[in-house]
1. Read through the list (1) assigned to a strand (DSSP E or B); (2) closer than 22 Å to ARG7 by Cβ; (3) without any contact (Cβ under 8 Å) to a residue 24 or more places away in the chain, then give the number of the only condition that VAL77 fails.
2. Taking into account only those residues within region 87-113 that are open to solvent by less than 20 Å² (accessible area, probe 1.4 Å) and touching a residue at least 40 places away in the same chain (Cβ under 8 Å), which is nearest to LYS143 (Cα to Cα)?
3. What number goes with the only condition from (1) of a type in the set (D, E, K, R); (2) under 30 Å from ALA176 (Cα atoms); (3) in a helix (DSSP H, G or I) that GLU89 does not pass?
4. Among the residues of region 93-139, what is the count of those that are touching a Ser or Thr at 6+ places or on another chain (Cβ under 9 Å) and not in a loop (DSSP other than H, G, I, E, B)?
5. Could you say whether any residue in region 200-207 is farther than 22 Å from GLU221 by Cα and of a type outside the set (A, V, I, L, M, F, W, C)?
6. Counting only residues that are in a helix (DSSP H, G or I), open to solvent by 50 Å² or more (accessible area, probe 1.4 Å) and of a type in the set (Lys, Arg), which one in region 13-50 is farthest from LEU159 (Cα to Cα)?
7. For region 141-230, which fully contained strands (runs of 3 or more DSSP E) count at least 2 residues that are of a type in the set (D, E, K, R) and closer than 22 Å to GLY81 by Cβ?
8. Return yes when ILE36 is touching a Cys at 6+ places or on another chain (Cβ under 6 Å) and farther than 24 Å from THR97 by Cβ and no when it is not.
Amino acid sequence: MKIAVTRLAGKEERDAARCAAFGHACYSVHPLRSEIEKDAVDAFIAATKNGDFDCIFFTSALPAKIVAPLLVNPPRVIAIGPETARELERCGIASETLPGFYSRDFVPYLGEWIKGKTIGLPRADVPNAPLISAIEAAGGIAKEFRCYRLVPTNEPLDLSRADAILFTSAMSYKKAVWTPRCDLLVMAIGEVTANAMRCGGTFPDIVGDGSLEGTLAALNEYRGKTRIVR
């Protein structure tokens, strides 16, 4: 199948190989673009150099791409998934990877260690109140730095070549300009995205586990069960 994958420009570099491993082709569509907030990046780097954090949590690959080249001797580093960990590794930063693909897995992963610890969070300018609340409820101190903004492109997504569309985040769905088709398979990368889609009146045919590979595996299982050839 040919899959249109919602991505920020620059985040799609490994998608083609990953899709090919599951027998599919893909191309990127861009409902959002990123704008770096330099003051927030500078403040985060200064705080890291000052030793203000006991741990840094990267909730996606983009903030890692933005700030990792500037980090020197960081504290304990946690990556939300393997793609984020790879981005950090490119800059020589060792990290631990969460067992799941959601920020809700962060506090349970740290367990009792988080008590009294200050957590640096370089993130998008998108609220994540459940993460902040979970850190504070566990006795941690959350320091959030909104290092980039997500700005809608307001451009209609080119789905003319697509057999399926994969929404990779709730925001990419909410801000997408697109036209559903009866022959277009609609996929959500995980439950958070799927819930946003359902609230918007779009019911995904396939819901992944929060990762591209997990979604592609779910796609192949779906096609095997339904014997649909698109």
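1. (2)
2. At the first step, the residues of region 87-113 found to be open to solvent by less than 20 Å² (accessible area, probe 1.4 Å) are 88, 93, 98, 100, 106, 110.
Of the ones still in play, those that are also touching a residue at least 40 places away in the same chain (Cβ under 8 Å) are 100, 106, 110.
Working: GLY100: 22, PHE106: 15, LEU110: 16 Å.
Ranking the qualifying residues of region 87-113, first place goes to PHE106.
3. (2) is the only condition that GLU89 fails.
4. 11
5. Yes, because at least one residue in region 200-207 is farther than 22 Å from GLU221 by Cα and of a type outside the set (A, V, I, L, M, F, W, C).
6. Here is the first cut: in region 13-50, the ones in a helix (DSSP H, G or I) are 15-20, 38-49.
From what's left, open to solvent by 50 Å² or more (accessible area, probe 1.4 Å): 16-17, 20, 38-39, 42, 46, 49.
The next check asks that each one be of a type in the set (Lys, Arg); those that pass are 38, 49.
Values: LYS38: 34, LYS49: 45 Å.
Out of the qualifying residues, it is LYS49.
7. Hits in region 141-230: 141-152.
8. So ILE36 does not fit the description; no.
The values are calculated or read from the model by the stated rules, or taken from the named source; none is laboratory data. Since this is a predicted model, take the numbers as computed values, not measurements. Glycine also receives a Cβ, built like all others from the backbone with ideal geometry; neighbour counts cover every protein chain displayed. Areas reflect the complete protein model, heavy atoms only, side chains present, ligands, DNA and RNA absent. Shrake-Rupley method; radii C 1.70, N 1.55, O 1.52, S 1.80 Å.
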